[in-house]
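A short write-up of the structure that comes next.
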Amino acid sequence: MDEFVLIFRHEDGNKVASPEQIQIWMKQTMDWIGGIAAQNKFVSGTGLPFADAKIVGHGGVVTNGPFGEIKETIGGFITVKADSVEEAVEFAKGCPVLQGPGNTVEVRKIAKNDGVH
Amino acid sequence: MQTQELIPHLFRTEYSKIISVLCRRFGFDQMETAEDIASDTFLTAAQAWSYKGIPSNPTAWLYNVAKNKAKNHLQRNTIFESKVSPEIKTDDAYEQDIDLSPKNITDSQLQMMFAICHPAIQPEAQIGLSLRILCGFGIDEVAEAFLASKETINKRLFRAKEKIRNENIKIEMPNLAEMDNRLENVLTTIYLLFSEGYYSVSQNQVLRKDLCFEAMRLCHMLIENESTNKPPVNALLSLMYFHASRFEARTDQNGGLILYDDQDTNLWNQDLVAKGAWYLNQATTGNRLSKYHLEASIAYWHTQKTDTKEKWENILQLYNRLLQIAYSPVAALNRTFALAKANSPEEAIIEAEKLQLTGNQFYYTLLGELYTGIDYEQAKSNFEKALTLIKTPADTAIIQSKIDRLTQMR
């Protein structure tokens with residue numbers, strides 16, 4: 001069985017929704033992750049708060065993340081176990097982030113420590 | 001109390017103390033000797049007390065006899081050794097007193113607990129040894145708890161003791177760096193011990209309750225000791241109190257299981273609920289959330305009699321988190337039940353069918369429950385699949401009554 005990381009890209013929720021709406025998304029996300037964990041396919045994961053985000057560029061130039069303007073910012077990720085990329089994609093389809101138009105979940109296989117990757 | 005009642009009672013409470021102290025004094029490799037001396041002490045008591053009457057302080061009497069027997073043993077050993085190898089200086093061992101002070105008893109029992117729960121020993125053997133050595137259960141009681149023969153249990157305990165000797169496991173507290181890891185093992189064993197009593201198929205209610213209370217007593221010992229009084233220990237004790245609060249309500253007079261929804265909530269012991277809440281509160285220090293914290297919180301919500309959305313939403317979120325750190329099929333099934341209550345049965349059916357726990361009777365029972373009132377055929381066929389996997393007559397009766405109810409509803 002392989003491990004895949006599901007990367008969420010979306011706008012800063014605090015900019016587009018009320019605290020109540022965010023709470024609903026939070027519950028949906030927890031239920032979604034709980035459903036994957038109930039199949040014993042959850043490995044790990046975390047949200048990535050937009051506050052205090054920095055970008056370190058070439059030559060050590062540090063800027064604040066321009067997240068307000070950018071729709072597709074990484075807002076979090078989880079790692080799952082799956083037999084195939086198709087199974088991982090099925091997990092991704094349930095991600096509540098996808099309710100927002102333009103939002104995406106990127107599915108990437110994790111390189112095994114086998115000296116090839 | 002008469003001698004024939006008093007001795008079994010004292011055996012349960014004092015046997016394990018004497019063994020722990022002697023084992024620590026002699027070393028684990030002489031465990032059989034320690035057991036012989038302890039058993040011998042009770043035999044002497046049974047004989048002496050039946051014609052001389054019960055002494056005014058029976059416990060002190062037992063300790064005295066155990067001490068003398070232990071000293072005789074050490075003396076014999078020392079004489080033997082000094083004859084075989086005269087160059088070895090006479091050990092002052094037999095001069096030393098056998099220390100049966102309350103502090104040394106507690107220390108010895110705690111150290112014994114860590115020794116028995118050493119990761120090198122199989123979990124089943126750990127529970128068996130705990131029952132025998134830490135809880136003073138007789139071999140026949142251990143056998144009944146496991147629904148195994150005495151020979152099987154004797155063999156299992158013998159192998160475990162052999163393992164202790166071969167691995168050279170010491171009777172001592174782990175050092176600070178190792179404490180959390182080793183404590184984890186001790187907690188697992190205590191929880192298994194409790195579950196053995198709580199979920200066992202044995203019909204002996206008294207024995208089962210004893211198993212639960214012994215597990216709680218061992219957990220109490222850890223809490224009373226400063227170096228082991230950690231948040232997960234308090235969380236585990238809290239969890240056990242919450243479960244124990246429903247002990248009277250969960251079985252009928254014939255020992256048949258009564259499901260949560262059908263229990264008489266007046267039989268839930270509010271005193272034990274309050275104790276559980278107290279220890280859960282004690283557990284909220286530190287920054288590590290153990291599975292016992294989550295399980296205790298889930299158990300707390302189950303002690304609430306109301307059937308509100310809030311209750312089930314809380315339970316659902318706790319299961320969501322529990323499954324992320326400690327997956328188990330039981331938690332997965334319970335989580336899906338909470339999902340049905342908090343969200344909707346339709347959503348829960350979709351989630352349940354993803355679990356594919358096709359060898360598990362409770363998987364089909366859950367599906368049967370979820371389909372009840374939604375799809376008669378599906379509900380019935382799932383309950384029937386559960387029937388084919390069931391192992392006890394009590395469970396068969398429960399499922400059969402669900403099928404009957406289903407037919408009436410139609």
Qualifying residue in segment B:202-213 (condition: open to solvent by 20 Å² or more (accessible area, probe 1.4 Å), within 11 Å of the chain's Cα centre (by Cα) and farther than 16 Å from B:G128 by Cα): yes
Subset of segment A:4-24 (residues that are part of a helix (DSSP H, G or I), open to solvent by 20 Å² or more (accessible area, probe 1.4 Å) and either closer than 19 Å to A:V107 by Cα or away from every other protein chain (no Cβ under 14 Å) (or both)): A:N14, A:K15, A:V16, A:P19, A:E20, A:Q21, A:I22
Residue check, B:I374 on the phi < 0 side of the Ramachandran plot and either part of a helix (DSSP H, G or I) or open to solvent by less than 70 Å² (accessible area, probe 1.4 Å) (or both): no
Subset of segment B:243-292 that is of a type in the set (A, V, I, L, M) and not in a helix (DSSP H, G or I) - its residue that is surrounded by the fewest Cβ atoms within 10 Å (Cβ to Cβ): B:L259
Criterion violated by B:A352 - all others in (1) closer than 18 Å to B:E384 by Cβ; (2) at pLDDT 95 or above; (3) surrounded by fewer than 21 Cβ atoms within 10 Å (Cβ to Cβ) satisfied: (3)
Members of segment B:43-67 found to be loosely packed, with under 12 Cβ neighbours inside 10 Å and in a loop (DSSP other than H, G, I, E, B), listed by number: B:G53, B:S56, B:N57
Lone unmet requirement of (1) in contact with a helix residue (DSSP H, G or I) (Cβ under 8 Å, 6 or more places away or on another chain); (2) within 14 Å of chain B (Cβ to nearest Cβ); (3) hydroxyl-bearing (S, T, Y) for A:T104: (2)
All helices (runs of 4 or more DSSP H) inside segment B:133-202 with 1 or more residues being touching a Gly at 6+ places or on another chain (Cβ under 8 Å) and modelled with pLDDT of 85 or more: B:139-146, B:150-166
Candidate set from segment B:377-400 (those that are loosely packed, with under 15 Cβ neighbours inside 10 Å and over 17 Å from B:P345 (Cβ atoms)); member that is farthest from the chain's Cα centre (by Cα): B:E384
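The values are calculated or read from the model by the stated rules, or taken from the named source; none is laboratory data. What you are looking at is a predicted structure, and each value in this text was computed from that prediction instead of being measured. Cβ atoms come from the backbone with ideal geometry, glycine included; neighbour counts cover every protein chain shown. When the accessible area is computed, the model is the full protein with side chains, heavy atoms only, and any ligands, DNA or RNA have been set aside. Shrake-Rupley method; radii C 1.70, N 1.55, O 1.52, S 1.80 Å.
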